[in-house]
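See below for the structure under consideration.
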Amino acid sequence: MTLNSKTVNFMEHIAPYYLPCALYILTHLIYRYMNGNIGIVIFIAYFINFPYWKWIAKNGRLEYNFDRSTEKIFTSDDRFMGPIYLYVLFDTLTWFWCMCVVS
């Protein structure tokens, strides 16, 4: 299956890559309002990703390849760098915060 797109749609193609940043913020908020307990976050993460739910197992999404023209359009779009830089910033700030909490 090939994907043929003439433009890059922000909500469809780029916005999903901001989800890890939103999860970072959500984890910090849970930590703040649960008085330093992120056990519930870890429990939910393991519960969602538990590999032995055979009765509700889902098949993976069908993979697709870009055709050459779509690949050039996606390669030249700089909006994909925003989620990467924002994630690195959040990760760095989280590490600094963890060092302050532990020290």
Filter pass, MET34 being surrounded by fewer than 11 Cβ atoms within 10 Å (Cβ to Cβ) and free of Cβ contacts under 8 Å to residues at least 12 places away in the same chain: no
Residue in the range 50-58 that is surrounded by fewer than 11 Cβ atoms within 10 Å (Cβ to Cβ), at pLDDT below 85 and within 30 Å of THR70 (Cβ to Cβ) present: yes
Filtered residue count, the range 21-31, keeping only those that are within 14 Å of LEU93 (Cβ to Cβ), among the aliphatic types (A, V, I, L, M) and either in contact with a Ser or Thr (Cβ under 8 Å, 6 or more places away or on another chain) or free of Cβ contacts under 8 Å to residues at least 60 places away in the same chain (or both): 0
Evaluation of CYS98 against (1) farther than 27 Å from VAL8 by Cβ; (2) at pLDDT below 85; (3) among the hydrophobic types (A, V, I, L, M, F, W, C); (4) out of contact with any Ser or Thr (no Cβ under 9 Å at 6 or more places or on another chain) (one fails), failing number: (2)
Residues of the range 60-79 satisfying the condition of being under 14 Å from ASN9 (Cβ atoms) and part of a helix (DSSP H, G or I): THR70, ILE73, PHE74, ARG79
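The values are calculated or read from the model by the stated rules, or taken from the named source; none is laboratory data. These figures come from a predicted structure and were not determined experimentally. Every residue, glycine among them, receives a Cβ derived from its backbone with ideal geometry; neighbour counts consider all protein chains shown.
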